[in-house]
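S.K.: Let me give you the structure first, and then I'll get to my questions.
The values are calculated or read from the model by the stated rules, or taken from the named source; none is laboratory data. Please read all numbers here as calculations on a predicted model, not as lab measurements. Cβ atoms come from the backbone with ideal geometry, glycine included; neighbour counts cover every protein chain shown. Areas reflect the complete protein model, heavy atoms only, side chains present, ligands, DNA and RNA absent. Shrake-Rupley method; radii C 1.70, N 1.55, O 1.52, S 1.80 Å.
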Amino acid sequence: MENKKRIIFIVNPISGTRNKDEMPALISKHLDAERFDCEVRFTEYAGHAAEIARQSATEGVDIVVAVGGDGTINEVARSLVHTQTALGIIPCGSGNGLARHLCIPIDTVKAIELINQCQIEAFDYGVINNLPFFCTCGMGFDAFISLKFAEAGKRGPITYVENVLKEGLKYQPETYEIVDENGTVYHKAFLIACANASQYGNNAYIAPGATMRDGMLDIIVMEPFTAIEAPQIAADLFMKTLQNNSKIKTFRAKSIHIHRKQPGAIHYDGDPIMTGTDVDVHIEHLGIRIITNPKLPEDTAQPNPLLNAFSDFFNNINNVREDIGRDIEKGGRRIQAINKVLLRKLRS
């Protein structure tokens with residue numbers, strides 16, 4: 001029998017949306033003890049996960065498993081790039097974008113059972129201003145909302161949507177200069193997203209055709225839109241049809257340089273940071289090894305209970321707007337009323 005693989009589980013007790021006190025017991029019960037020599041470590045402070053992962057790679061540990069939300073997964077993953085140590089994922093976050101893209105089960109026991117199969121493949125990752133990302137990065141409204149989301153004090157898709165509806169109408173689009181290998185273009189944009197994987201999380205597909213093996217970034221430019229057009233954009237985001245929307249411009253590139261007039265926020269896998277007027281993004285081809293799902297192809301969507309609610313909601317959005325239009329005056333009062341109805345329906 002082959003030698004056991006050394007595997008370390010890094011558990012962030014405060015990240016994501018689930019209690020992780022039972023995680024060691026679940027790992028002990030369901031991990032294949034004949035195949036793995038296992039250690040479970042809980043993080044104790046900010047940046048601890050990155051420290052453990054870096055040390056593990058230096059010591060030649062075979063697999064490091066990130067147990068937490070998207071931020072924890074990014075922190076562990078960026079410490080493993082260009083090493084022989086593979087990343088494993090037990091998703092416990094509010095979005096779970098990378099796990100969903102790679103068809104890693106959201107259920108903890110099933111995720112551990114997938115690790116037992118130990119199917120390891122190489123994937124691309126991206127870099128924005130020297131910060132690695134594995135799903136998406138960007139600037140404009142999504143980076144602005146990431147800042148608001150980080151400040152909200154609670155997680156989950158409803159909090160995210162609340163911030164989108166509250167702040168969206170106040171946000172002022174910017175004009176960006178974008179330079180790639182084909183030349184320079186200028187776009188007035190609500191947001192610019194650079195996608196390595198297909199989605200933000202929660203099956204919200206910002207780049208439905210993106211793959212993590214092609215050595216290319218999918219660049220999405222979302223042009224300014226009206227409040228009446230916003231629900232259709234949101235529907236397209238969840239229905240994997242965003243590329244068909246007239247407000248969306250897309251192209252692919254290995255690297256891009258973006259210039260804007262004012263400093264502002266960017267995000268990498270949803271983590272916001274303030275930066276200057278110049279932003280550089282590029283792809284690192286097949287630079288990280290990840291345990292993936294051998295039974296399902298990359299980019300296969302996983303069931304998401306929230307999606308059915310959104311689907312029903314968007315199917316009825318025109319009726320909602322008509323009802324409001326009969327009762328509410330034009331202008332700001334009507335838009336505010338729309339937002340209140342949207343939030344009430346999402347919470348119901």
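S.K.: Output the number of the condition that ILE106 fails; it satisfies all remaining conditions of (1) more than 23 Å from ALA204 (Cβ to Cβ); (2) surrounded by 15 or more Cβ atoms within 10 Å (Cβ to Cβ); (3) among the aliphatic types (A, V, I, L, M); (4) at pLDDT below 95.
M.R.: Answer for ILE106: the failing condition is (1).
S.K.: Is one or more of the residues making up the range 208-215 open to solvent by less than 10 Å² (accessible area, probe 1.4 Å), part of a strand (DSSP E or B) and either modelled with pLDDT of 95 or more or closer than 15 Å to ILE248 by Cβ (or both)?
M.R.: Checking the range 208-215: not a single residue is open to solvent by less than 10 Å² (accessible area, probe 1.4 Å), part of a strand (DSSP E or B) and either modelled with pLDDT of 95 or more or closer than 15 Å to ILE248 by Cβ (or both).
S.K.: Moving on to the next point. For the range 270-279: of the residues being buried (at least 16 other Cβ atoms within 10 Å of the Cβ) and in a strand (DSSP E or B), which is nearest to the chain's Cα centre (by Cα)?
M.R.: Looking at residues that are buried (at least 16 other Cβ atoms within 10 Å of the Cβ) and in a strand (DSSP E or B), I get ASP271.
S.K.: Continuing with the same structure: Picking from ASN96, ASN3, ASN12, ASN19, which residue would you name as being out of contact with any Pro (no Cβ under 6 Å at 6 or more places or on another chain) and open to solvent by less than 10 Å² (accessible area, probe 1.4 Å)?
M.R.: Going through ASN96, ASN3, ASN12, ASN19 in turn, just one is out of contact with any Pro (no Cβ under 6 Å at 6 or more places or on another chain) and open to solvent by less than 10 Å² (accessible area, probe 1.4 Å): ASN96.
S.K.: From the list HIS285, HIS267, pick out the single residue that is part of a strand (DSSP E or B), in contact with an Asp or Glu (Cβ under 7 Å, 6 or more places away or on another chain) and open to solvent by 50 Å² or more (accessible area, probe 1.4 Å).
M.R.: HIS285 is the lone residue from the list that is part of a strand (DSSP E or B), in contact with an Asp or Glu (Cβ under 7 Å, 6 or more places away or on another chain) and open to solvent by 50 Å² or more (accessible area, probe 1.4 Å).
S.K.: Among residues belonging to the range 1-25 that are in contact with a Ser or Thr (Cβ under 6 Å, 6 or more places away or on another chain) and more than 17 Å from VAL61 (Cα to Cα), point out the one that is modelled with the lowest pLDDT.
M.R.: Per the criteria, the residue is THR17.
S.K.: Related question: Can you find, within the range 232-252, the residue that is farthest from ILE206 (Cα to Cα) among those that are basic (Lys, Arg) and assigned to a loop (DSSP other than H, G, I, E, B)?
M.R.: Within the range 232-252, the match that is farthest from ILE206 (Cα to Cα) is LYS247.
S.K.: Of all residues being under 16 Å from SER146 (Cβ atoms) and not in a strand (DSSP E or B) in the range 198-207, which is most open to solvent (accessible area, probe 1.4 Å)? Just the residue, please.
M.R.: Ranking the candidates gives TYR200 first.
S.K.: So, one more: Suppose the filter is buried (at least 19 other Cβ atoms within 10 Å of the Cβ) and farther than 28 Å from GLY68 by Cβ; does ASP236 pass it?
M.R.: Yes: the conditions hold for ASP236.
S.K.: Any residue at all in the range 185-197 that's touching a helix residue (DSSP H, G or I) at 6+ places or on another chain (Cβ under 8 Å), modelled with pLDDT under 95 and either open to solvent by 40 Å² or more (accessible area, probe 1.4 Å) or not in a strand (DSSP E or B) (or both)?
M.R.: yes
S.K.: What number of residues within the range 52-77 are of a type outside the set (A, V, I, L, M), open to solvent by 10 Å² or more (accessible area, probe 1.4 Å) and touching a residue at least 12 places away in the same chain (Cβ under 8 Å)?
M.R.: Going through the range 52-77 one residue at a time, the tally reaches 6.
S.K.: Restricting to the range 109-131, what's the tally of residues that are surrounded by 22 or more Cβ atoms within 10 Å (Cβ to Cβ), of a type outside the set (Phe, Trp, Tyr) and in contact with a Gly (Cβ under 8 Å, 6 or more places away or on another chain)?
M.R.: Selection size over the range 109-131: 1.
S.K.: Checking the condition under 21 Å from GLY95 (Cα atoms) and either within 27 Å of the chain's Cα centre (by Cα) or among the hydroxyl-bearing types (Ser, Thr, Tyr) (or both), which residue from ILE63, ILE73 passes?
M.R.: When all the criteria are applied, what remains is ILE73.
S.K.: If you don't mind, another one. Does ALA99 satisfy the condition of being within 16 Å of SER198 (Cβ to Cβ), in contact with a strand residue (DSSP E or B) (Cβ under 7 Å, 6 or more places away or on another chain) and touching a residue at least 24 places away in the same chain (Cβ under 8 Å)?
M.R.: Spelling it out, ALA99 is indeed within 16 Å of SER198 (Cβ to Cβ), in contact with a strand residue (DSSP E or B) (Cβ under 7 Å, 6 or more places away or on another chain) and touching a residue at least 24 places away in the same chain (Cβ under 8 Å).
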